[in-house]
Amino acid sequence: MEACNCIEPQWPADELLMKYQYISDFFIALAYFSIPLELIYFVKKSAVFPYRWVLVQFGAFIVLCGATHLINLWTFSMHSRTVAIVMTTAKVLTAVVSCATALMLVHIIPDLLSVKTRELFLKNKAAELDREMGLIRTQEETGRHVRMLTHEIRSTLDRHTILKTTLVELGRTLALEECALWMPTRTGLELQLSYTLRQQNPVGYTVPIHLPVINQVFSSNRALKISPNSPVARMRPLAGKHMPGEVVAVRVPLLHLSNFQINDWPELSTKRYALMVLMLPSDSARQWHVHELELVEVVADQVAVALSHAAILEESMRARDLLMEQNIALDLARREAETAIRARNDFLAVMNHEMRTPMHAIIALSSLLQETELTPEQRLMVETILKSSHLLATLINDVLDLSRLEDGSLQLEIATFNLHSVFREVHNLIKPVASVKKLSVSLNLAADLPVQAVESLRDFRAPEFFPVQSDNHFYLRVQVKDSGSGINPQDIPKLFTKFAQTHSLATRNSGGSGLGLAICKRFVNLMEGHIWIESEGPGKGCTAIFIVKLGFAERSNESKLPFVTKVQANHVQTNFPGLKVLVMDDNGVSRSVTKGLLGHLGCDVTTVSSIDEFLHVISQEHKVVFMDVCMPGIDGYELAVRIHEKFTKRHERPVLVALTGNIDKMTKENCMRVGMDGVILKPVSVDKMRSVLSELLEHRVLFEAM
């Protein structure tokens with residue numbers, strides 16, 4: 001260990017160098033003491049610096065270094081051992097602090113470097129955030145344009161206005177040089193230039209739809225950039241050497257209506273597209289941005305939606321107009337049909353009345369002639385006249401019944417009747433006709449068939465099975481079988497058509513008009529029953545079957561029935577000598593014929609043709625009055641009321657009977673309303689008149705069925 005030169009004399013040294021060292025140590029110490037002051041000021045002012053304890057270490061290191069240099073000033077001259085100890089202590093402390101600081105810097109430098117890295121990271125994040133904010137602003141701007149365009153597009157449902165508005169708004173929003181829409185033709189093989197932004201009247205230029213560029217756009221739902229030289233991009237001629245701007249194209253789905261229904265959604269076919277082409281200004285460095293392409297795609301979708309709504313509206317309006325036209329046509333046809341039905345009914349009513357009057361004369365006179373002394377040949381002629389007349393009268397009745405059945409004016413009445421008597425009467429009517437043709441007719445009634453029945457036809461539907469009777473009703477099944485020529489099975493459905501006859505019947509002289517079965521079917525349908533015909537074929541006969549629902553008479557309230565058919569008297573009087581009868585009829589022939597019938601039966605007959613004459617002649621001596629209530633210019637109903645006023649007592653009043661050719665139901669109801677005692681339909685034969693007088697004298701009431 002070196003010995004201190006504190007006592008021994010110093011080596012000789014250059015005094016100038018020593019002076020410089022002395023001065024340098026002084027300023028080094030001064031600088032070392034000022035730097036910690038600056039660090040203390042920095043730490044005090046900085047609130048975010050993370051390494052304060054490192055600065056404290058630096059401060060201590062610098063202070064100790066300064067203290068070492070300051071103590072070193074005293075070592076240039078003779079100094080004591082105390083100064084040497086202080087100098088040694090300061091250097092030891094300086095060595096310790098400097099080593100600790102050096103070691104600490106090894107750990108601090110990576111942190112300091114990471115601070116720089118974080119700074120760069122934050123700068124990058126800030127730049128990325130700026131880009132995202134710019135994108136958000138761009139999206140907001142795009143959304144605003146989309147909302148504006150959507151509002152403009154959907155403000156109308158006219159297809160042409162929608163497309164033109166789309167081009168105008170896109171051109172204004174994106175500052176386009178040209179924008180066009182290519183629509184598919186009717187054949188679907190070409191695209192036609194239909195709408196443009198700048199040209200008022202597109203020339204209708206067409207391109208094939210199978211071009212590669214078109215297929216490329218149609219196969220994608222994105223807006224695609226296409227070549228400015230593409231056929232669909234040549235919307236305007238290029239002038240000079242201008243460079244065309246960038247062009248994009250996007251497909252627009254079109255609604256293809258098929259099987260469109262008013263209350264149903266139409267079918268949407270995605271195979272039909274229009275092509276929208278957009279061009280940026282020429283000779284510009286501008287390019288399409290992503291947000292602009294997105295805007296174009298969204299607008300194309302909105303246009304497709306608007307066009308679909310417009311197409312549905314147009315189709316619904318066409319359907320509505322067509323429906324209105326059909327309704328107008330149907331209403332017109334209905335009115336014409338109603339007018340035709342009314343005209344037909346009026347015509348038939350007039351013809352019925354006008355035809356029954358001469359038929360009355362023919363049948364009445366023929367029946368009178370039949371009861372005189374005739375030769376066999378003459379009697380055959382008279383019988384032929386009567387049969388033909390009755391056939392004609394039946395045909396007239398059939399035509400009128402069919403007419404009323406078809407227009408719904410014929411209504412059924414609920415009435416009590418003798419079921420056995422009905423079948424016997426039908427049998428008695430058919431038997432003479434069958435005997436002439438040398439045919440046998442038999443009637444078989446079931447043992448449990450009720451005698452009295454009520455026609456009860458409410459709430460009945462034709463059963464698909466054989467029905468079962470209940471406590472208040474039963475089902476009547478009637479079969480009419482014959483062993484005649486039979487019917488081909490394929491002809492059976494035609495039999496119930498009016499004026500229809502099978503070939504086998506048409507070739508024979510059957511005398512039928514083809515109305516019988518048609519009327520039967522309509523009557524059964526009106527009674528809500530069921531009728532059908534069965535036959536195994538030609539030569540095997542046939543069977544006609546019908547089922548109707550009837551009520552038990554003992555279970556019905558007959559007092560509530562409006563019309564009750566009276567059972568005819570068991571004994572029919574043949575002559576009525578001295579019976580005073582008054583006949584009023586404006587038709588001279590009919591008046592004379594009726595007088596002849598009554599006179600033949602022994603009656604004392606008086607005839608009149610006017611109301612005044614009738615009121616002047618009628619008296620209590622007249623027991624029966626026959627009057628035509630449908631005479632022109634004469635109100636027969638009012639006349640009946642006046643007779644009731646004149647003869648207030650029933651036994652003094654004659655029996656008032658309407659003898660008319662009008663079979664209208666209102667005629668019967670009006671006769672009953674004014675208190676008349678009966679209604680008899682023309683034509684009338686001697687036998688019918690005899691039965692009528694017998695019934696009237698016995699019951700004082702007789703309303704013939706209409």
- prompt: Going by accessible area, probe 1.4 Å, with all protein chains left in place, what is the ranking of 34, 366, 440, largest first?
  reply: 440, 34, 366
query: Which value, in nm² and rounded to one decimal, describes the direction-averaged projected area of the C-alpha convex hull of the stretch 302-442?
result: 17.1
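Per residue, how many Å² of accessible area does the stretch 281-326 show with a 1.4 Å probe?
Heavy-atom SASA per residue in the stretch 281-326 reads 54 Å².
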query: So for the stretch 569-666, what percent of the C-alpha to C-alpha distances run longer than 15 Å?
result: 62
Flagged links, alpha-carbon separation over 25 Å, of 549/688; 580/682; 580/665; 387/580: 549/688; 580/665; 387/580
- prompt: How do 315, 621, 141 rank by accessible surface area computed with a 1.4 Å probe, from largest to smallest?
  reply: 621, 141, 315
field: Candidate residues 688, 649: accessible-area rank, largest first, probe 1.4 Å
entry: 649, 688
message: Could you report the stretch 580-705's accessible area per residue, 1.4 Å probe, as an integer in Å²?
response: 40
statement: Share of accessible surface on carbon and sulfur in the stretch 580-705, whole %, 1.4 Å probe and ligands ignored, is 49
field: Cβ-based charge dipole, the stretch 580-705, positive-most Cα from 590, 680, 617
entry: 680
- prompt: Hey, rough spin-label estimate for residue 540 and residue 378, points 7 angstrom out along Cα→Cβ, what's it come to in nanometres?
  reply: 5.3
statement: Between residue 371 and residue 592, the FRET efficiency computed from the C-beta separation at R0 = 22 Å comes out, to the nearest 0.05, as 0.80
- request: Between the alpha-carbon centers of the stretch 316-341 and the stretch 643-706, tell me the distance in whole angstrom.
  value: 47
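The values are calculated or read from the model by the stated rules, or taken from the named source; none is laboratory data. Just so it is clear, the structure is predicted and the values come from calculations on it, not from any experiment. For neighbour counting, all protein chains shown are included, and Cβ atoms are generated from backbone atoms with ideal geometry for every residue, glycine included. Accessible surface areas use protein heavy atoms only, side chains included; no ligands, DNA or RNA. Shrake-Rupley method; radii C 1.70, N 1.55, O 1.52, S 1.80 Å.
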